[in-house]
Amino acid sequence: MSERKVRVIVAKPGLDGHDRGAKVVARALRDAGMEVIYTGLRQTPEQIVQTAIQEDADAIGISILSGAHEYYFGRIIELLKERKASDILVFGGGVIPEDDVPKLKAMGAGAIFGPGTPTSVCIDWLNSAVREKWARETA
Amino acid sequence: MEKLIARALEGDHRSIARLISLVESESPQAEIIMRKIYPHSGKAHIIGLTGSPGAGKSTLADKIIAHFKSLGKTVGVIAVDPSSPFTGGAILGDRLRMQQHAVDPDVFIRSMGTRGSLGGLSRSTQEAALILDACGKDVVLIETVGVGQSEVDIVKIADTVGLILVPGMGDDIQIMKAGIMEIADIFIVNKADRDGADRVATEVNMMLDLLGMRPWRPPVLKTIAERNEGVEEVVSEMTRHADFLRRSEEGRRRRWQRLGMEVEEILRREIAAMVEVAWEKEKSPELFELLAARKTTPYEVAERILGTILTETCD
Ligand SMILES: Nc1nc2c(ncn2[C@@H]2O[C@H](COP(=O)(O)OP(=O)(O)OP(=O)(O)O)[C@@H](O)[C@H]2O)c(=O)[nH]1
Ligand SMILES: [Mg+2]
């Protein structure tokens, strides 16, 4: 019997050009046994949210370097609400100033990982947050 | 569960996605779902796209979706990528090339890892295709991982199989591999912007000549998927093939063969489950001692277990 797997969207919204960081995270999550749906560069919040819904993802990880994190987190979380899919976790990394983290969390972001955070921290957080999500589903 | 299935059948993407997950993870509800879903299936044109890694399957799928859309069709896509045999994890990257369709309410794209299926197409791929079919997608496109067993397995699921070849990848040897030539309904020579596409096409045609007269002669088409060249032709041939299957004796034969395989598959699964239960009950240190000392044989043990299963099921 195949057990349920953690499914994560790794997306890179915005116009800035490279996705090295996102790819490193994607590989680390795969090596931790998760299924990573990689959507590539320049994704709009609408694309990211529809992808998460069709893929029945447990979490959306967004990588942001452009500084527009407030807009992207806000919009993605809002769209998830509209689609009644707020159970999908949202987390992020990239270049996000420490001072902005509380605001993003207040918006509904589950976790924000600053530059240089070891991927194991992200994996541990995901594993426990997703299992809590599953527990809520069956409750 | 009833509500979830009803919403999925109305075409709600979130519900469809959830059903696919339940079936994919072999949840206890999977069988209930499939029993409810199955009667609504059988309407979609199921198309398989196979070919070596990097041949351009996803790029072509993206363009094929667009062409079917322009014909007013709704499209479901199942894109399979390999899971790591060590960690069970996977990076599912096929849909990256199809993201222009992500927000289209008429297109549903789902990525799947091969999980435990050893390179073959897993049962859940077929079940996901049935779900998309039942939930109203006119066309269901399946992209395989393109290695090993999955290339041959796709014929068990798809009405129309498109095999993608590319020049300069040793495909002339590839296509001669047992079985591959026979399963393709349409040959697509992609990356025709490169040298050698004509040669590949000629070789395929020569091999098709050797296979002799068949009710459907697979067309050999050249495409440049990246530039959307030749794709319209591919889509119209796929549609022509669906019409052929609908009308011909060959089509009827294939439909019956597939239905037969579906029954066999379920039977095999049920019997395997029964056997497992009975064998678990029979296992004991004493039995293994007897076997090791050759006081009994695996044949006798198996016979006895089968006997128990048969008497139990007859009661
Ligand atoms: N030159 C050329 N390159 C192409 C063409 N079609 C696709 N490609 C490129 O080929 C590469 C692989 O394309 P994909 O569509 O990902 O191939 P795939 O068969 O889906 O690959 P896997 O899913 O990894 O097996 C990409 O870099 C494409 O841009 C084409 O017609 N000509
Ligand atoms: Mg692909």
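Values quoted throughout were computed directly from the atomic coordinates according to the rules given, and no laboratory measurement underlies them. From a predicted model like this one, the values you see are computed outputs, not experimental measurements. Glycine also receives a Cβ, built like all others from the backbone with ideal geometry; neighbour counts cover every protein chain displayed.
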task: Would you compute, from DSSP H runs of 4+ residues alone, the mean residue ellipticity of chain A at 222 nm, taking -39500 (n - 2.57) per run and dividing by the full residue count, rounded to the nearest 500?
output: -14500 deg cm²/dmol
- prompt: In degrees from 0 to 90, rounded to the nearest 10, what is the angle of the helix B:57-70 Cα long axis to the longest principal axis of chain B?
  reply: 70 degrees
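Quick one: plug the Kirkwood hydrodynamic radius of chain B (C-alpha pairs) into Stokes-Einstein at 10 °C, 1.306 mPa s, and report D in µm²/s.
The calculation lands on 74 µm²/s.
Kindly provide the helix-only [θ] at 222 nm of chain B, computed as the sum of -39,500 (n - 2.57) over DSSP H runs of four or more divided by all residues, to the nearest 500 deg cm²/dmol?
Result for chain B: -16500 deg cm²/dmol, rounded to the nearest 500.
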- line: Rounded to a whole number, the mean other protein chain Cβ count within 10 angstrom for residues of B:97-110 is 4
field: Test item: A:38-51 mean partner chain Cβ contacts at 10 Å
entry: 4
message: Sort B:Asp198, A:Asp19, B:Asp185 by Cβ crowding within 10 Å, fewest neighbours at the top.
response: B:Asp198, A:Asp19, B:Asp185
- request: Would you mind checking the pairs B:Lys63/B:Lys191; A:Lys84/B:Lys3; B:Lys63/B:Lys156; B:Lys69/B:Lys137; A:Lys12/B:Lys63; B:Lys156/B:Lys222 and listing those with alpha carbons more than 21 angstrom apart?
  value: B:Lys63/B:Lys156; A:Lys12/B:Lys63; B:Lys156/B:Lys222
field: Linear extension gain, B:Met213 paired with B:Val147, 0.36 nm per residue minus alpha-carbon span
entry: 20.9 nm
query: Under a Cβ-Cβ cut-off of 14 Å, what is the net charge of the residues other than B:Ser21 that fall near it, where Lys and Arg count +1 and Asp and Glu count -1?
result: -2
- prompt: Among rounded, prolate and oblate, which fits the protein assembly as shown when a ≥ b ≥ c are the square roots of the eigenvalues of its C-alpha gyration tensor, a/c under 1.5 means rounded, and a/b larger than b/c means prolate?
  reply: oblate
message: Within 12 Å, Cβ to Cβ, of A:Thr119, how many net charges do the neighbouring residues add up to if Lys/Arg are +1 and Asp/Glu are -1?
response: +1
message: Can you tell me how segment A:7-138 classifies by the Cα gyration tensor, rounded, prolate or oblate, using a/c under 1.5 as the rounded cut?
response: rounded
- request: May I ask for the angle, rounded to the nearest 10°, between helix B:298-314 and the longest principal axis of chain B, with both axes built from Cα atoms and the value confined to 0 to 90°?
  value: 90 degrees
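Would you mind putting B:123-130, B:52-59 in packing order, based on average other-beta-carbon counts within 10 Å, highest first?
Result, highest mean first: B:123-130, B:52-59.
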- request: Compute the FRET efficiency between A:Lys105 and A:Trp134 as 1/(1 + (r/R0)^6), taking r as their Cβ-Cβ distance and R0 = 25 Å, and round to the nearest 0.05.
  value: 0.70
message: For chain B, what does the relative contact order come out to in percent, with C-alpha contacts under 8 Å and a separation of six or more?
response: 18 percent
- request: Return the distance in nm (one decimal) between the two label points of a simple spin-label model at B:Met206 and B:Glu270, each offset 7 Å from Cα along Cα→Cβ.
  value: 5.1 nm
field: Gyration tensor verdict on segment B:73-168 (Cα atoms; rounded if a/c is under 1.5, prolate if a/b is larger than b/c, oblate otherwise)
entry: rounded
- prompt: Semi-axes of the equivalent ellipsoid of segment B:1-101: what are they in whole Å, largest first, if each equals the square root of 5 times a C-alpha gyration tensor eigenvalue?
  reply: 25, 21, 12
Net lengthening on full extension, B:Lys295/B:Ser236 (0.36 nm per residue, minus Cα-Cα): 14.6 nm
- prompt: For B:His241, B:His13, A:His18, B:His40, what ranking results if the residue with the fewest other Cβ atoms within 10 Å of its Cβ goes first?
  reply: A:His18, B:His40, B:His13, B:His241
- prompt: Hey, with R₀ at 45 Å, roughly what FRET efficiency would B:Leu71 and A:Glu78 work out to, going by the Cβ-Cβ distance, to 0.05?
  reply: 0.85
- prompt: What is the mean number of Cβ atoms from other protein chains located within 10 Å of the Cβ atom of each residue in peptide B:72-81, rounded to a whole number?
  reply: 1
